[in-house]
Amino acid sequence: MGAGAELTTIEAVLDEMTARWRRLHRAGDWRAVFAKTYLTTTEQILLATRRPGVFANPEWIVHLDCRFAQRYFDAFDSFERNAACPPPWRAAFDSAVRKQTFILQDALLGMNAHINYDLPHSLDETIPKGLRMEELEPYRLDNAALNTVLAESVGVVQAALADNYDIVLHLLNRGLGRRDEGFATTLVHAWRARAWGTFLILRSTGAVGEVHRFVEQSAADNAVLLLEVQRHFPSLHWPNRIFRRVVGSLGRPR
C-alpha cells in the first residue's frame, strides 16, 4: 500500500491483507497466523455486507472496516520501521517474531490488540460526533449484528488456521465439537462489548487522553496474561518451535 493511500472498500482491504499475509506466510513469519485470522474474518464481513437485511447501514460497516484495518496496517508498519508502536501490538508482533508463541496465542494476541485497543478508537472515528444516545442506537444495533457475523465466522477461521498452520486444530475441533468455538465466540463478544462501552466513555468525557492511556494499558495487560503460559511451561518452548517450523514448512509454497 502506497504512503498516504486510503482504503475505502472492503475489497481493497482484502487485497492489502492478502498481499501482506502471503509475504509473511512465504517467509515463515509467525505473524502470518493473525494475518490469516484477520483476512478470513474480513472475507466473511464482506459477504455479510452483500446480504440484504444484515445491516441497517452497510455503508458505515464498510467505513468502520476500512478504518479498523488501517490501524492494524499502521501498527504493523510502525513495528517494521522500529518506530512507535502501540504496546498491545508490540507485544503481539514481538513475541511472534521471536517465535515464542503457540498458534492460538498468535491469534488471540492480535485479536486483543485489535479489539480492545483499536476498536474503541475506530468506532469514535467513524460514528458522527454530537449524537445523542438514542441517535447512537442504530450504530449499536449494527455493531451487534457485526458481532453475530463474527460469531458465525469462528469455525471458518479455525479451519483456515488448521489448514495452514496446525492440523492438530482439526483434531481438537472433532474432539470438542463446538465447545472450543463457543469459547472463542464468548471471548470476542465480551471484548467487543467492552470496546463499545469504552467508545461511549470516549464520547462522554473530556479526559480523552486519560481514557486512551487506560485503553492502551488494559490491552497491554491482557497481552501479558496471554503470554503467561511461557513462564509457567518453559519446557514447551522448543518442542513447540520445532513443531511449528516443520508443519509450517510443509504448508509453504516452494
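The values are calculated or read from the model by the stated rules, or taken from the named source; none is laboratory data. In this text the structure is predicted, and so the values were computed from the model without any measurement. Because the Cβ atoms are built from the backbone with ideal geometry, glycine has one as well, and the counts that use them run over all protein chains shown. Areas reflect the complete protein model, heavy atoms only, side chains present, ligands, DNA and RNA absent. Shrake-Rupley method; radii C 1.70, N 1.55, O 1.52, S 1.80 Å.
The table for this structure:
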read-out: Selection count where residues are at pLDDT 95 or above and assigned to a helix (DSSP H, G or I), scope the stretch 125-140; value: 9
read-out: Those residues of the stretch 134-162 which are among the basic types (K, R) and surrounded by 18 or more Cβ atoms within 10 Å (Cβ to Cβ), in sequence order; value: none
read-out: Of all residues making up the stretch 209-234, the number that are open to solvent by 70 Å² or more (accessible area, probe 1.4 Å), hydrophobic (A, V, I, L, M, F, W, C) and more than 24 Å from A107 (Cα to Cα); value: 0
read-out: Flag for R31 being in contact (Cβ under 8 Å) with a residue 40 or more places away in the chain and surrounded by 20 or more Cβ atoms within 10 Å (Cβ to Cβ); value: yes
read-out: The stretch 68-106, residues that are surrounded by fewer than 20 Cβ atoms within 10 Å (Cβ to Cβ), outside any loop (DSSP other than H, G, I, E, B) and of a type in the set (D, E, K, R); value: R71, D74, D77, E80, R90, D94
read-out: Hits in the stretch 1-28 (condition: open to solvent by less than 20 Å² (accessible area, probe 1.4 Å) and in contact with an Asp or Glu (Cβ under 6 Å, 6 or more places away or on another chain)); value: I10
read-out: Any hit, the stretch 177-196, residues being open to solvent by 70 Å² or more (accessible area, probe 1.4 Å), at pLDDT 90 or above, in a helix (DSSP H, G or I) and more than 25 Å from A32 (Cα to Cα); value: yes
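Yes/no per residue for (1) open to solvent by 20 Å² or more (accessible area, probe 1.4 Å); (2) over 21 Å from V157 (Cα atoms); (3) assigned to a helix (DSSP H, G or I):
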| residue | (1), (2), (3) |
| --- | --- |
| T40 | no, no, yes |
| A56 | yes, yes, no |
| V62 | yes, no, yes |
| L108 | yes, no, yes |
| L123 | no, yes, yes |
